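Rule-based calculations on the coordinates, nothing more; no lab input. Given the structure is predicted, the values throughout are model-derived calculations rather than measurements. Quick reminder, even Gly has a Cβ in these numbers, built from the backbone with ideal geometry, and neighbours come from all protein chains shown.
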Ligand code: SF4
């Protein structure tokens, strides 16, 4: 078996997805953790694996969840002749992998009778819980002239579609605390990641989250990270840190100003008051200073804008002392961007190298590797440290990636966002 850089392999898997051998599939939901589809979808639909050197990854699985993507993936997850889990690329075994065992609390119920995996799912090394599956920006609003209806939701997001999958709107704190206890005490996780759709101003949910975080920290020795919409005023950030939050994220999603306006209209008009990222950066800067090093982060969705603005976004966040968490676009059926192309391996490698260089230069962390199993950055160990493993030109050549050609294609190709497909909601009409 050739030596294959796992940091590069994970980017290829995240860009191209993988197929899963039918025999391997039979183990899912038994000894091995099955991929579930919760909330917005992108990070729960993949298959959690650990590559060589313990690197986490969760590639999308080619199939009905992704009708337009990943069909040509060269990767296959299967067992070798001795029953070990392996990844094959174009039929050749390139790496042994470790699939994740099914969490012990899956299938159990909370005291109120809800299935525990409906409350929280294990993803990588953390328990992911969406408090509330509604978003303040999801839906249709009259414009200022009261003539047409406009959407404010982010165009890649599928949170409003989650109800069709029978998800709970608002999870109770009692249910959440029970599931955190089951996951932490069962040894399934070391981190808890909380999120939800955006709450109403002025606090945007900071007080509600603080109540829960305080109780989690009081009962369990666990690290708590959360993604939330920036509040109107800094005092709400104090409330969250005082409750014990370990890391707070305000996600800008897209750095290019024009694309931000198109893709995230609610965030631009209501949070930033029409000045791209202005309020986000004000709150991120405060959170970074108030919390200390690596206590604030922001997610940019890699693959929705050109490389230049992606890298400029990383640098801007580093300058603010904010951890740049580079998510990777994964299309969700039913959304405006359901047919938007996914980023190529070469594009992700270019972003990875820039992320590595800039986080080292500014001394900013590149994100937790377990939490970032669907993100660009990775590390070969847990902990806060800005060092990502290198991906060399030799690694890229060995993988058969023509960096020059793909990189040039990428630069032209990324400047355009295709129009909404027939299946997606359109502005100006009501559902
Ligand atoms: S703010 Fe945007 S990304 Fe977040 S839940 Fe609402 S629509 Fe989705």
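In the chain, the DSSP beta bridges split such that about 50 percent are antiparallel, to the nearest 5.
Which shape class applies to the chain: rounded if a/c is under 1.5, otherwise prolate when a/b exceeds b/c and oblate if not, where a ≥ b ≥ c are the square roots of the Cα gyration tensor eigenvalues? Since a/c stays below 1.5, the shape of the chain is classed as rounded.
Shape of region 6-99 from its Cα gyration tensor (a ≥ b ≥ c, root eigenvalues): rounded if a/c is under 1.5, otherwise prolate when a/b > b/c, or oblate? In terms of gyration-tensor shape, rounded. Backbone N atoms of region 315-336 closer than 20 Å to the 7 Å Cα→Cβ label point of residue 285 belong to residues 315-325.
Please compute the modelled spin-label separation between residue 235 and residue 408, points set 7 Å along Cα→Cβ, answer in nm with one decimal. For residue 408 paired with residue 235, the spin-label model returns 5.9 nm.
Extending 7 Å from Cα along the Cβ direction at residue 219 and again at residue 173 yields two label points whose distance is 1.1 nm. Apply the a/c threshold of 1.5 to the C-alpha gyration tensor of region 71-156 and tell me whether it is rounded, prolate or oblate. Oblate, because a/c is 1.5 or more while a/b does not exceed b/c.
Dividing the summed helix terms, -39500 (n - 2.57) for each DSSP H run of n ≥ 4, by the number of residues in the chain produces a 222 nm estimate of -8500 deg cm²/dmol to the nearest 500.
Where in region 179-199 does the amide nitrogen come within less than 12 Å of the point 7 Å from the Cα of residue 111, taken along Cα to Cβ? The answer is 179, whose backbone nitrogens lie closer than 12 Å to the label point. Compared with the direct C-alpha span, the chain from residue 353 to residue 261 gains 30.4 nm at full extension, assuming 0.36 nm per residue.
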